[in-house]
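Please read the structure below before turning to the comments.
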C-alpha cells in the first residue's frame with residue numbers, strides 16, 4: 001500500500017524557501033503566482049493489510065520522524081490500489 | 001487557484017534521503033515500511049481564471065525552476081475551489 005505524506009511549515013511560520021521561489025518566479029515573469037509554500041513529500045511503500053493500518057503507520061512515522069510537530073503540520077493520503 | 005507540485009527523483013535515480021529515512025524507520029521498529037522516496041512539495045497560489053490556466057503556469061514553473069528534468073519528475077494537482 002502506498003502512503004503519501006506531505007509536510008509543510010505551519011501557516012504562522014515564516015517560509016524563506018517559499019519566499020525565494022516566489023521571488024524567482026516573479027523575476028521569470030510569473031507575476032500571477034501570488035504565494036509559494038515549500039514542503040517535503042514522502043512516498044512510503046507500506047506492507048499493511050488495510051488502508052487504515054497503512055495510514056496509522058504513516059501517521060506514526062510522520063509524528064516521530066518525518067515532521068517536526070512544533071513548526072510543521074502534515075497530511076497523509078493512502079492509495080488503495082497497489 | 002491553488003496548485004500543488006510534487007517533485008520526486010526519477011525511479012532510476014538513487015535516493016539517499018529516502019534510504020536514510022527508510023533505515024531510520026526500521027530502527028524505530030517499522031519493519032513493514034518497505035521503501036521510502038523523498039521529494040519536494042510546493043503549494044502555489046496562482047491568480048488564474050481557470051484550472052487549466054493555473055496548471056499551465058505551474059507546469060512552466062516546474063519545468064523552469066522547481067524541478068531538474070534530468071533527474072526529477074513532477075506531478076501537478078490543481079484545486080478547483082479557492
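Throughout, read-outs are computed from the coordinates displayed, never taken from laboratory work. Remember, it's a predicted structure, so these values are computed and weren't measured experimentally. Neighbour counts are summed over all protein chains in view; Cβ atoms, including those assigned to glycine, are modelled from backbone coordinates with ideal geometry.
Reported count of residues in the stretch A:29-58, each being in contact (Cβ under 8 Å) with a residue 40 or more places away in the chain and in contact with a strand residue (DSSP E or B) (Cβ under 7 Å, 6 or more places away or on another chain), is 10. Checking each residue in the stretch B:35-82 for being part of a strand (DSSP E or B), facing another protein chain (nearest Cβ under 9 Å) and closer than 28 Å to residue B:14 by Cβ picks out B:35, B:36, B:37, B:38, B:39, B:40, B:41, B:42, B:43. Residues in the stretch A:8-33 that are surrounded by 16 or more Cβ atoms within 10 Å (Cβ to Cβ) and over 29 Å from residue B:26 (Cβ atoms): A:15, A:18, A:21, A:22, A:24, A:25, A:30, A:32, A:33. If the condition is being assigned to a loop (DSSP other than H, G, I, E, B) and either facing another protein chain (nearest Cβ under 7 Å) or closer than 30 Å to residue A:19 by Cα (or both), then the stretch B:6-34 contributes B:10, B:11, B:13, B:14, B:15, B:28, B:30, B:32. Which of the residues that make up the stretch B:59-73 are surrounded by 20 or more Cβ atoms within 10 Å (Cβ to Cβ) and in contact (Cβ under 8 Å) with a residue 60 or more places away in the chain? B:66, B:67, listed by residue number.
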